[in-house]
Each structure stands twice: as structure tokens, then as C-alpha cells.
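The structure appears below as C-alpha cells.
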Amino acid sequence: MENIQNLPIDIQTSKLLDWLLDRRHCNLKWQNLVKTIREKINAAIQDMPENEEIKKLLSGSYIHYFHCLRIVEILKGTEASSKNIFGRYSSQRMKDWQEIVSLYEADNIYLAEVASLLIRNVSYEGPALRRQLAKAQQLQQELSRREVECQSSAADLRERYYAACKQYGITGENVSRELQALVKDLPAVLDEVGKDAAKLEELILLYAAFTRFVCEWSEPVLPMLTFAQKSGNRTFYEWSMGKAPTAIERPIVEEAPPDAVTEDTIDWGDFGKGTETQAVNSGITVEDGIDWGISLEPSAEDTGAGGIDWGDGEAAPIEIEIMDTGTDCPEGVARGEDALSILENSQSRSQFIDELMELEVFLTQRISEMGEEGDVVAMSQFQLAPSVIQGQTRDHVREMLSEVQHLLGRLTSLRMQHLFMIQASPRYVERVSEVLRQKLKQADILVLKAATMAEKQREALEEQSRLEPRVDLLAGCTRELQKQIEADISKKYHNRPVNLMGVNV
């Protein structure tokens, strides 16, 4: 008997209510009886004495049987003056709470209720609060990561912006103005290239002599380089006509409008800007801004079905006026494209670059061949060559190749390509400016997004701070309730130790 008395009773908390019902400690209909008790508790707490402990008991927690016992104990002190000569309390407060305790103890209703409350705390309330807390902590980590990513991406976009500006040769403070300023300096830059072309005389002579000796080529070689080497960066008119112009009328450079083009707008220039359009039956429209030299006066009614007169009808004939090219340009005047220098004019500039590349390939090949000319066959092959060919050394040819590549690099660099495009179409400035501005705009958006992430992170931290005390409070209440239930069940089994298993909040 003594061994049984000391043997502990282990009960799985999730099965506690079933254990109590199976052993007839509680009634199966305990929930219906609890409803009446809860109504009486709600009515009783409306009239309570001023007491700090009672206030703490009633502050937001679920009032169960063990709370009611404590309230009765407190009321015994606060309501002591209400005892009558028979030792009974005449206070309605005491009567109400004593009745509640009595109703709880009938059929051990209180034990079923606190068992149900303990199971709910362990199985539902605790895990739910833990999940919310874990979610708040995980959200902080995720938001912190995303904040760092936004800041990093914003910094990367700004770096790319300034790197792109560096490629254009500008600082990026005012893209449109700086690009247009670069174009204004372009003629001076090209004139310097034209002056340096004078150094190509020896190279051109070498290439001409080589082609004549090897290929028996009699035609002039590298005509554009030869012209630039002798005359510099002259006008296209002088190159094409063979004489200097009497007057130069350079084309008017269109200033790019200040308004930026939006990212979803396609700018076709002046095409389609007419205020009115005339529709032709074939579906083609003719804008006011473009004069095709074709009269479209007759209407469809005048020309019959389809608007096209195939016979000798009364409709006015279509007049086509053919004008001779250049009839409006006086003799000796360089106008429009002809007034541009050979390095400004896209056609002659392309030829200039092509001939430089031709010269580069020749010199590269010549260096390779000179490395192999130690054999007797090669030496005998060039015995009859002109002195300009035989007198060259490999190192000197390398120096000439370096000069050619230097000139090529100055004309074909990414910065120069952009400048030529800006010169050809001032509206290109708008597009470049907009592309660059988009990088800064995206960087600003990412900075704002990072600030939003930081704000949400603070909110998640506040949520964590709000949940942690609730978790601690629930854990404390649950441990206290566990001890009270274990002690109560232990009394029913002659104080045998009782252990509720799995209580973890």
C-alpha cells in the first residue's frame, strides 16, 4: 500500500479532460453548467471593492475556479464588518462569490473547466502566440535583408549612372546641357584629329609603294587619308568639288527641347506633327509638315468610285514637279552637308575610318611578315623593292601602327560615337538624358523602398515587443494552473504525486 501511495500519476495534458471524464470525476454535460456560472461571474465582477489584488485578478485574464477561491478569501477581509450574530455574511458580494464557488464544486465542474483551459493554453493559445512571435522575428530578418538589398541596388544604380556619364565625358549634374556643350566642342576636337593626320605621310607613301610593287596597282590609294594629310579637316565641299568654297553656310543645329521624353513615348522627330491630315483612300495620310511635291486636291466625289481616275475624266490631273538638285544653291557656296568638315560629315568620316582600318590591317600584316623575312627567299623577294620598303625596320613599323591605332581610337571611342549621334540628331540628347535619369529615378525609388522596409522593420519589432510579455504571462499562468490542477487531483488520490506531462507554452 505504501508503494502505491508513492507511485506518481502521470497524465498527458492533451488527454487530461478525457482522463477526468473516464474516471467519473466530471460530468459529460459540464459545458452547459459552466455557462450559468460564467453569467453569475460576469454579474458579480460589476460590484467589487477597491483592492489591488482583486484588480490584478480581474485584469484581462480568464476568471476560473481558483481565482474565485482567492476572491472569496480577499472578501473575507474586506467584508468582515458585514457578518451577523450568527457568523454569516450579510454582504451581497460575499454571497454571490460563495454561490459561484459552490456551483463550481458541484460535480467538479471547476476541474473540467480548468483542464479545458490548460489544454487550450498548451495546444492553441501558446503555439499561436509563439508563431506570431516567430513570424515577427522572421519578418524583421527578411525586411532587414530587403532593406540592405534596396540600398545596395540604389548605390549600384548611382554608380552605373556616373559610370555612364563618365563614358560620355560629363559629370552628370545637368546631362542635357553638358552633352550639348560637348557637341559644340566637337569641331575643334575633329580639327585636332585632322591636324594629326599630317603625320600619316610616310605611312601613305609606304602603303602606296607596297601596293605598286606587290600588286602593280596604279590607282591612287587611301584618297581620303591623302586629302586629310595634305589639307587637314577641310569641308566636304572642297573634298568633293576639288576647290575651296567661296562661302560656307553651315546647317542650323536644332536645340533639343527642355521637356524630357517619357519612357513610354517614341519620338519620331518632326514626322507626323502636322495639325491636320488628309486621308487618301488607300489608307496613307499626308501630314502638313511634309511636302512631297504632289497635289492631292481632288476629292473622291470628283474622281468617281475609289477616288482614282484612270481615264480622261474632268478631275484635275496630278502634278509632279521635278526640281534639279542644287539649283537653289549659288556656285561656290558650301551649304548643308557640304559645309560640314570631312570628319563631321558621316559619309566622308566613314571613308576616313575605313581607310585607317585598311592601313592598320596592312601594317599589322607587314609586322608579321617582317618577323619571317629572315629566310633567303624573303630577302631575295624584296631585293628589287623601292628603298622606302627596304629601309623600314620592324620597330619603326610598330610605331606607325601605334599612330594609326591612336587616330582610330580617337574617332571610334564610345564617347565620340555618342557625340556623332548627338550631332546627327539633337533629339538623341533627350533619349540619353531620359535613360540616365531613369537610373537616378530608380535609385531614388529604391531608397524610398529601403526607408519603407526600415519602417516595417520597426513595426515588426514593436509587434515582437508586444507579444513577448503576452507569451511570458501565458507561460506563467499556465504553470500556475498546472500546479493547482496537479494539487487538486492529488487530493482526490490521497495526496499521491500527480504529474501533468507535455505542459510547454
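The values are calculated or read from the model by the stated rules, or taken from the named source; none is laboratory data. This structure is a prediction, so every number in the text was calculated from the model and none was measured. Glycine also receives a Cβ, built like all others from the backbone with ideal geometry; neighbour counts cover every protein chain displayed. Ligands, DNA and RNA are stripped out before the accessible areas are found, and what is left, the full protein with its side chains, is counted by its heavy atoms. Shrake-Rupley method; radii C 1.70, N 1.55, O 1.52, S 1.80 Å.
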Test result for ARG479, out of contact with any His (no Cβ under 9 Å at 6 or more places or on another chain), among the charged types (D, E, K, R) and modelled with pLDDT under 90: no
Verdict on THR478 being open to solvent by less than 70 Å² (accessible area, probe 1.4 Å), closer than 28 Å to SER14 by Cα and among the polar types (S, T, N, Q): yes
Close pairs from segment 213-224: first open to solvent by 100 Å² or more (accessible area, probe 1.4 Å), partner at pLDDT below 80, Cβ under 6 Å, at least 6 apart: none
Selection status of ALA443, within 31 Å of the chain's Cα centre (by Cα) and buried (at least 19 other Cβ atoms within 10 Å of the Cβ): yes
Every pair of residues 6+ apart whose Cβ atoms lie under 8 Å, when the first sits in segment 431-457 and is closer than 18 Å to GLU149 by Cβ while the second is open to solvent by 90 Å² or more (accessible area, probe 1.4 Å) and among the charged types (D, E, K, R): LYS439/ARG160
Pairs, first touching a residue at least 40 places away in the same chain (Cβ under 8 Å) in segment 46-58, second open to solvent by 80 Å² or more (accessible area, probe 1.4 Å), C-beta under 8 Å, six or more apart: ASP47/GLN92
Boolean, LEU57 is of a type in the set (A, V, I, L, M, F, W, C) and under 58 Å from the mean Cα position of the chain (by Cα): yes
Qualifying residue in segment 164-184 (condition: assigned to a helix (DSSP H, G or I), touching an Asp or Glu at 6+ places or on another chain (Cβ under 6 Å) and surrounded by 14 or more Cβ atoms within 10 Å (Cβ to Cβ)): no
Residue within segment 428-440 that is of a type in the set (Asp, Glu) and more than 19 Å from TYR124 (Cα to Cα) present: yes
Selection status of ARG130, surrounded by 13 or more Cβ atoms within 10 Å (Cβ to Cβ) and under 30 Å from LYS441 (Cα atoms): no
Residues of segment 1-21 satisfying the condition of being open to solvent by 70 Å² or more (accessible area, probe 1.4 Å), in a helix (DSSP H, G or I) and modelled with pLDDT under 90: GLU2, ASN3, ILE4, ASN6
Single unsatisfied condition, GLU99 versus (1) modelled with pLDDT of 80 or more; (2) within 20 Å of GLN484 (Cα to Cα); (3) open to solvent by 30 Å² or more (accessible area, probe 1.4 Å): (2)
Residue that is nearest to the chain's Cα centre (by Cα), among those in segment 385-407 that are loosely packed, with under 12 Cβ neighbours inside 10 Å and not in a helix (DSSP H, G or I): THR393
Where a residue in segment 403-430 is β-branched (Val, Ile, Thr) and its partner, wherever it lies, is loosely packed, with under 15 Cβ neighbours inside 10 Å and assigned to a helix (DSSP H, G or I), with Cβ under 9 Å and at least six apart: VAL404/MET357
Qualifying residue in segment 410-426 (condition: part of a helix (DSSP H, G or I), charged (D, E, K, R) and open to solvent by less than 20 Å² (accessible area, probe 1.4 Å)): no
Conditions (1) part of a helix (DSSP H, G or I); (2) crowded, with 16+ Cβ neighbours inside 10 Å: number failed by GLU39: (2)
